[in-house]
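The values are calculated or read from the model by the stated rules, or taken from the named source; none is laboratory data. Note that the structure is a prediction, hence the values are computed from the model and not measured. Counting neighbours? That spans all protein chains shown, and the Cβs are built from the backbone with ideal geometry, glycine included.
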Amino acid sequence: IYDRLDEPSRGMLENNLAAAEEGECGVAFATGMAAIRASLGVLVRAGDAVLAHHTMYGCTYSLFTKWFPRFGVDVRFEDLRDTGRIRDLLTKEVRAVYFETPSNPVLELIDIAAVRRAVDGANEGRAPDRKVLIVVDNTFATPHCQRPITLGADLVCHSLTKNIGGFGTDMGGVVVGPRVLEPELLLFRKDLGAPLAPRSAWPHLVYGLPTLSLRSRRQIETAGIVAEHLEDHGMVAQVLYPGLPSHPQHELAARQMVDVDGRFAPGIMLSFLLEGDDASRREKGRRMMDHLAGHALSVTLAVSLGQIRTLIEHPSSMTH
Ligand SMILES: *Cc1c(COP(=O)(O)O)cnc(C)c1O
């Protein structure tokens, strides 16, 4: 009837993304932010609360702290790595648990199956429309490395702009989840807008998603080499990469981040801290960024991620 409601290229992409994430349906949006807004938009209303992990993508943090309160939705930030506390944090106002794993930018992991157990406990005795749902932003891992729905998440969102698109040429977002939520997600997209444009669906469908596994396997290998190099570097205090045995949650990574063939798939993203105290680190970080911007042959100073180029950025001064 009308392209904002339904369109064949986008529909094929949605079916493929739902299959990749092992979910029942997918609804695609113009950007990752539109997808995140919709995933929670269909769950919460004024007076409700969202329990969220304390580190996350900068714009999601801004959405949660600047805009959600205006609509009467309270977002509570906690360290969800400590899954033992979650049951107590699920007070009656909480309608959703929201997190990224690994989190942007510090690669903290959340044990999805453990969150599921805590939420199941809280959901006993709740009315069907008051049950807590688990929403995972799987942008950093992609379905190549981790399929949160198989571990107990209800909804998965993505920025297709990143590693699923894969080439940094097109924006997009998707929510994958259970069939029962599809009508609400479609209605939300019809009325609030921001559907994925058909011409942006096409490259994700034809180039991005089909090459995800191929690109990811190579990029994981590269990330591991870079991580080991940095770990041995005298000016680097700490490297955070789930594939390194030194990652504080390496054991959880080995359980949770596995590709469809059962291989350990710790992702393509890493972060590192320079030596020094907080103040000198900031200044050193600034100098390092400027130096790289002017001299690096194969590393580009730019935000975004999941492209075929290696990018580097300084979260505290650029995105967070
Ligand atoms: C980039 C990003 C988003 C937002 O995606 P857009 O497509 O730029 O709107 C959301 N979550 C994470 C983890 C991201 O890295």
Any idea which residue in the range 60-74 is nearest to the ligand (Cβ to nearest atom), counting only those that are part of a helix (DSSP H, G or I) and crowded, with 16+ Cβ neighbours inside 10 Å? Thr60
Selection within the range 269-320 - hydrophobic (A, V, I, L, M, F, W, C), within 16 Å of the ligand (Cβ to nearest atom) and farther than 21 Å from Leu244 by Cα: Ala302, Val303, Met318
Set His144, His158: member being within 16 Å of the ligand (Cβ to nearest atom) and within 17 Å of Ser39 (Cβ to Cβ): His158
Output the number of the condition that Ile149 fails; it satisfies all remaining conditions of (1) more than 14 Å from the chain's Cα centre (by Cα); (2) closer than 20 Å to Leu40 by Cα; (3) away from the ligand (no atom under 16 Å from the Cβ). (1)
Residue pairs meeting the criteria (Cβ under 7 Å; at least 6 apart or on separate chains; first under 15 Å from Pro102 (Cβ atoms), in the range 248-275; second of a type in the set (Lys, Arg) and surrounded by 15 or more Cβ atoms within 10 Å (Cβ to Cβ)): none
Going through the range 6-41 in order, the residues found to be under 15 Å from Pro195 (Cα atoms), part of a loop (DSSP other than H, G, I, E, B) and at pLDDT 95 or above are Glu7, Ala30, Thr31
Say we look at the range 167-195 and pick out the residues that are touching a helix residue (DSSP H, G or I) at 6+ places or on another chain (Cβ under 8 Å), outside any strand (DSSP E or B) and within 13 Å of the ligand (Cβ to nearest atom); which of these is nearest to Asp129 (Cα to Cα)? Ala194
Single residue of Lys190, Lys162 found to be out of contact with any Pro (no Cβ under 9 Å at 6 or more places or on another chain), under 16 Å from Thr60 (Cβ atoms), of a type in the set (Lys, Arg) and modelled with pLDDT of 95 or more: Lys162
What pairs come out if I take residues in the range 126-155 that are at negative phi and pair them with residues that are of a type in the set (Phe, Trp, Tyr) and buried (at least 17 other Cβ atoms within 10 Å of the Cβ) whose C-beta lies under 6 Å away, six or more apart or interchain? Val135/Tyr98
Would you point out which residue out of Leu230, Leu205, Leu270, Leu181 is more than 22 Å from Ser304 (Cβ to Cβ) and at pLDDT 95 or above? Leu181
Could you go through the range 282-293 and let me know if any residue there is within 18 Å of the chain's Cα centre (by Cα) and of a type in the set (D, E, K, R). no
Verdict on Val206 being more than 17 Å from Leu43 (Cβ to Cβ), away from the ligand (no atom under 16 Å from the Cβ) and without any contact (Cβ under 8 Å) to a residue 40 or more places away in the chain: yes
Of the residues in the range 75-121, how many are more than 16 Å from the ligand (Cβ to nearest atom), surrounded by 20 or more Cβ atoms within 10 Å (Cβ to Cβ) and free of Cβ contacts under 8 Å to residues at least 40 places away in the same chain? 4
Of the residues that sit in the range 1-55 and are without any contact (Cβ under 8 Å) to a residue 60 or more places away in the chain and of a type in the set (Ser, Thr, Tyr), which one is surrounded by the fewest Cβ atoms within 10 Å (Cβ to Cβ)? Tyr2
